[in-house]
1. For a protection proxy built on the mean count of beta-carbon atoms within 10 angstrom, sort 118-128, 132-142 highest first, please.
2. With +1 on each Lys and Arg Cβ and -1 on each Asp and Glu Cβ, and nothing else charged, work out how big the dipole of region 27-190 is about its Cα centre, in Debye to the nearest 20.
3. Amide H of LYS56 versus every other amide H placed in the peptide plane: which residues, excluding those fewer than 5 positions away on the same chain, fall under 5 Å?
4. Please give the per residue accessible area of region 21-153, computed with a probe of 1.4 Å over protein heavy atoms only, in Å².
5. So which chymotrypsin sites (Phe, Trp or Tyr not before Pro) in region 35-130 are both in a DSSP loop and have at most 15 other Cβ atoms within 10 Å of their Cβ?
6. What is the distance, in nm, between label points placed 7 Å from the Cα along the Cα-to-Cβ direction at ARG65 and at SER112?
7. With a/c under 1.5 counting as rounded, go ahead and sort region 85-128 into rounded, prolate or oblate using the C-alpha gyration tensor (a ≥ b ≥ c being the square roots of the eigenvalues; past the cut-off, prolate if a/b is larger than b/c, else oblate).
8. How do 178-186, 57-65 rank on mean C-beta neighbours within 10 Å, highest first?
Amino acid sequence: MPPPDPSNPYAAPAPATDDGPRKKKKKGRYSARLDGDALVVANAKHAPLFPEVCMKCGAHEGILRRKVQFRWRPVWARFLVFCIIGLVILVVTTRRANLEIPLCASCNERWSAARNAGIAGIVVLVAALIAVRSTGAGRAELGGLFALVAAFVALAYVFIRPRVLPVKRIDDAEISLRGVHPRAAEEIVAASE
Ligand SMILES: [Zn+2]
């Protein structure tokens, strides 16, 4: 990028690309560390600005920022999904963290494909559940429903999880993400405080 023209007051200030990610942390301070296979980011609520590295493949070219709301619930709460009070508890116990994830264009597309597949899967599941409830749950219907749930779990593990950053845990202070490329995790930790 050429240096800004001093005679042009409308020129954008030059971004601090040469100094690496350390210069940028003022905007979104965070602290990060590695915990086994997970990248743990503290202070995630203050919009941490991660360095320009694709968190899925470690590439440095053509990085864009994807706004993602990560959600996590305690494991015990997930089993309550089948009753109404359980749904309420699920909503109350859900922890959220909003992050801007640096991704290269192709990893961003893969992420979108995973999200679309997840939405489609949930729509199919809910439609099947409504159909079974309205037509009466015979053995065949319940069997079909069970097969659909199994297919959805398989979809989640085989197709969705490898394309996103699965949440290990979210609490008031930290978010732990799995599936971060090792080089990206290293650079994110190095650029943190
Ligand atoms: Zn990538």
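1. In decreasing order of mean packing, 118-128, 132-142 become 118-128, 132-142.
2. The dipole magnitude comes to about 280 debye.
3. CYS104, HIS181
4. For region 21-153, the solvent-accessible area averages 63 Å² per residue.
5. PHE79, PHE82
6. Placing both labels 7 Å beyond Cα along the Cβ direction yields 1.9 nm.
7. oblate
8. Descending packing order for the listed peptides: 178-186, 57-65.
The values are calculated or read from the model by the stated rules, or taken from the named source; none is laboratory data. The structure displayed is predicted, hence computed values, not measured ones. Here the Cβ is made from the backbone with ideal geometry for all residues, glycine too, and neighbour counts use every protein chain on show. Areas reflect the complete protein model, heavy atoms only, side chains present, ligands, DNA and RNA absent. Shrake-Rupley method; radii C 1.70, N 1.55, O 1.52, S 1.80 Å.
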